[in-house]
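Remarks on the structure that follows.
The values are calculated or read from the model by the stated rules, or taken from the named source; none is laboratory data. None of the values given here were measured: they were computed from a predicted structure. Cβ coordinates were reconstructed from backbone atoms using ideal geometry, including for glycine residues, and neighbour counts include every protein chain displayed.
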Amino acid sequence: MSLRLVRCPYCGKRFNVAGIAAGTRLRCGGCTAVLTVPRPEASPHPSLRLTKSLVLQVAGGVAAGLLAAVALYVLLRPAPDAPPRLASAVPEKLVKSPADPAGGGIDQEFPALDDPYARAQRRVQQEFGPARFIFHKAKPYFVALETSERFHSTMLAEDYAHRLETLYAAFRREFGQSLQLPDAEPPLLVLVFNSRESFDRYFVERDKNKKRMSDSIKGIYEYDQERRRVVVYHDHHVPSEVLFHEGVHQLVHYYTLRETDGRRALGSYWFQEGLATYFEGLRRGAAGEFIDLGGGRDRLPTLKQALQPRPGAKRDFIPLSVLVGLTVDDFWQWFEVLTKHEPDEATQKARLYYAESWAFVHFLLQKEKGGNHQKLFEEYFRRELAGRGGKEAFEELVRHYLRTELPELEEEFIAHIQSLR
């Protein structure tokens, strides 16, 4: 097929309109305006004419004489009332756009108005500008990667998408059938900045203050209504563990909102952080099998040290009666207050909370596969998603499934920790 390239003066993208009938109204993959394909002989340089797209979407009584055209350079998806495109002239799914700054081609889809991926793409472009990010689908995920000359943007976006697909497959394998979870509806947005500096700048601007994230925070899941997205940055010091950890927060939040009809639920700290940390070690073997699911073993030294008695003082280990009663909000309120007065102690104790939460999830899921400990965890998972978790609910399930009480379960839990290597 011959090339007939046109350029959009709004977002600068160029597209091939060869074979598309003159007068066809298309929607730009970059800036989403609705324009019209011009006649080839209209100008020595390829151009498109802008239509008043909003007028085209009004009731059928709007007169054609209200349309005014202005010359533009762009390729767009047909508006809902546009004549059919020539299926043989333009592929239905992908059209190649120019090379990204690193030299790789970007697969840019024509975004339809009712396409959830297109809506997510427009929101990102409205927030950050039309040409700063490239996008990659990996159902149910939508990766938005900030381009850079330091790496091949298209290949890197595909790599992030592949890792997210691995996470989703593992999560579904572990809990999809047992909890009867439906497939997640796309898009689950994952925003990848191209550097730590860009990551920090985003949060400074978002929070309208001068503070940057702690260096220990390499990714975050934004729970608020307007975002609900994982935010990470790419460099050689940000491992897959960060993506998997925040990705589990995103999945659990998605299913919680589904079960509670969008109501906010107070999550249990041990469950939320323990489950996210449990998936940090996720890997696939050469045959595609999941290996190392259970992660978090780098936290074992912290745990075992906390179990050692100290002369004249109690050991640092957090009793289960405290751990299972802590909500996510409780934890962060405690952490912020202690950080103001004893930042080093706050960091050290937070590490212990994370380590114990991971170990407790590992204990319940791995002690006896298919046994009562796993059944207890899965039932608590259901209650957590429904907004009915908490200490009383957990203690009730301990009595029901294990015929014991929390202090006895704690002794069993400690023995499990000491058996780990």
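A few points about this structure:
- Any hit, segment 383-396, residues being assigned to a helix (DSSP H, G or I), out of contact with any Pro (no Cβ under 6 Å at 6 or more places or on another chain), more than 17 Å from residue 275 (Cβ to Cβ) and of a type in the set (Gly, Ala, Ser): no
- Residue match in segment 341-364 (condition: at pLDDT 90 or above, under 23 Å from residue 380 (Cβ atoms), surrounded by 12 or more Cβ atoms within 10 Å (Cβ to Cβ) and of a type in the set (S, T, N, Q)): yes
- When 279, 331, 335, 317 are screened for being over 30 Å from residue 140 (Cα atoms), aromatic (Phe, Trp, Tyr) and either in contact with a Phe, Trp or Tyr (Cβ under 6 Å, 6 or more places away or on another chain) or in the same structural domain as residue 228 (by TED's automatic domain parsing) (or both), only 331 passes.
- Flag if residue 380 is over 31 Å from the mean Cα position of the chain (by Cα) and either in a helix (DSSP H, G or I) or of a type in the set (Val, Ile, Thr) (or both): no
- Only residues that are of a type outside the set (Asp, Glu), farther than 17 Å from residue 250 by Cα and within 18 Å of the chain's Cα centre (by Cα) were counted across segment 118-146, and they come to 13.
- Within segment 253-310, if we keep just the residues that are hydroxyl-bearing (Ser, Thr, Tyr) and touching a strand residue (DSSP E or B) at 6+ places or on another chain (Cβ under 7 Å), the residue that is farthest from residue 361 (Cα to Cα) turns out to be 254.
- Residue 332 meets each of the listed conditions (1) crowded, with 18+ Cβ neighbours inside 10 Å; (2) of a type in the set (Phe, Trp, Tyr); (3) modelled with pLDDT under 95 apart from (1).
- If the condition is being under 23 Å from residue 415 (Cβ atoms), out of contact with any Lys or Arg (no Cβ under 8 Å at 6 or more places or on another chain) and charged (D, E, K, R), then segment 307-345 contributes 310, 314, 315.
- Unmet requirement for residue 387, which otherwise passes all of (1) at positive phi; (2) free of Cβ contacts under 8 Å to residues at least 12 places away in the same chain: (2)
- The strands (runs of 3 or more DSSP E) located wholly in segment 182-288 that include 1 or more residues which are under 25 Å from residue 334 (Cβ atoms) occupy 219-222, 229-233.
- Checklist (1) surrounded by 12 or more Cβ atoms within 10 Å (Cβ to Cβ); (2) at positive phi applied to residue 312, failing item: (1)
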